[in-house]
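As C-alpha cells, the structure follows; a few thoughts come after it.
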C-alpha cells in the first residue's frame, strides 16, 4: 500500500497544479486547423476553434477510428486537454502504435457521455480493460498456470487490483458528463495516472514486459456505435525528464 500512497500523492500534486501557470507545456493543437494531426476527414474537422469529431446515422462507423498526432512520439509526459463528449464513447490514446486505416494500438484514457468508464486505464487492440475508475492495478504477464485456469481463453493479462474508491465516489464531482471536462494523463516509466477534473480516477503499473510500451503516438478515438460528437481543446503536453 505504500507505493499506492506515493502514487496518489504524486497525482494529487499534479492535479492541484492543473490550474496553475503552464510555462513548460507545449500546445499540440493550433486552434485553426489539423496541422500535425491525421484522420479521416469525413469524421474529423476544426469547428469554432476546437477539434470536432462527429458520426451520424447517415455516416456511421463500422470500426473505431482515430485522429492521430503524427508530428512526433512521446514517452514520459504529462498531457492535459479539455473534452466534451455527447452520445457515445471516446478516449485519448498514448504510447500507441499506428495500424492501417487510421487505427491505433496502445494505452488509452477513456472518456464518454456517462459516468461509467471515464478515466479508465485501457489498452485499445490489446489487453483492453485493465483499471476501472477507482482502481489501482499492477498489470502482470500471464503465466502458464494462469492460462490453464482461464477456461474461456479470454484473459490477456493478470491484474492485481486495489480498490481506492467506488464508482459512485469516483464520479461524485461530475454532475453533467456531457459538459466540458478536463483530463490529465501522466505517463512515467511503467506508471500511469489518469485524472478527471482534478480527481485521480485510475492508477496503473505495467509489469507485463512483453506488452509494455515505452513510447508511441497520441490520438483521439471515435468509437463505433450510435451517432456522437467529441470536441477537444487546450491540448498541451510537457515531457518528464
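The values are calculated or read from the model by the stated rules, or taken from the named source; none is laboratory data. Keep in mind that this is a model prediction, so the values were computed, not measured. Cβ coordinates were reconstructed from backbone atoms using ideal geometry, including for glycine residues, and neighbour counts include every protein chain displayed.
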- Item | Which listed residue is surrounded by 15 or more Cβ atoms within 10 Å (Cβ to Cβ) and either closer than 20 Å to residue 88 by Cα or over 19 Å from the mean Cα position of the chain (by Cα) (or both), from 237, 174, 186 | 174
- Of the residues in segment 176-192, those that are out of contact with any helix residue (DSSP H, G or I) (no Cβ under 7 Å at 6 or more places or on another chain), over 19 Å from residue 206 (Cβ atoms) and touching a residue at least 24 places away in the same chain (Cβ under 8 Å) number 6
- Message: If residue 79 meets every condition in (1) surrounded by fewer than 19 Cβ atoms within 10 Å (Cβ to Cβ); (2) touching a residue at least 40 places away in the same chain (Cβ under 8 Å) apart from one, which number is that one?
- Response: (1)
- Query: Got at least one residue in segment 58-68 being at positive phi, out of contact with any strand residue (DSSP E or B) (no Cβ under 6 Å at 6 or more places or on another chain) and surrounded by fewer than 18 Cβ atoms within 10 Å (Cβ to Cβ)?
  - Reply: no
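Looking only at segment 31-41, which residues are part of a loop (DSSP other than H, G, I, E, B) and surrounded by 12 or more Cβ atoms within 10 Å (Cβ to Cβ)?
Step one: of segment 31-41, the residues part of a loop (DSSP other than H, G, I, E, B) are 31-36, 39-41.
Correct list: 31, 34, 36, 39, 40.
Which residues, counting only those in segment 117-140, are on the phi < 0 side of the Ramachandran plot and surrounded by fewer than 16 Cβ atoms within 10 Å (Cβ to Cβ)?
Filtering segment 117-140 for residues on the phi < 0 side of the Ramachandran plot gives 117-118, 120-124, 126-127, 129-133, 135-140.
Hit for segment 117-140 is 129, nothing else.
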- Message: Show me the strands (runs of 3 or more DSSP E) entirely contained within segment 124-210 in which 2 or more residues are closer than 19 Å to residue 77 by Cβ and modelled with pLDDT of 95 or more.
- Response: 181-188, 191-196, 199-206
- Task: Name every residue in segment 211-236 that is under 16 Å from residue 108 (Cβ atoms) and assigned to a strand (DSSP E or B), in order of residue number.
- Result: 216, 217, 218, 219, 220, 221, 222, 230, 232, 235
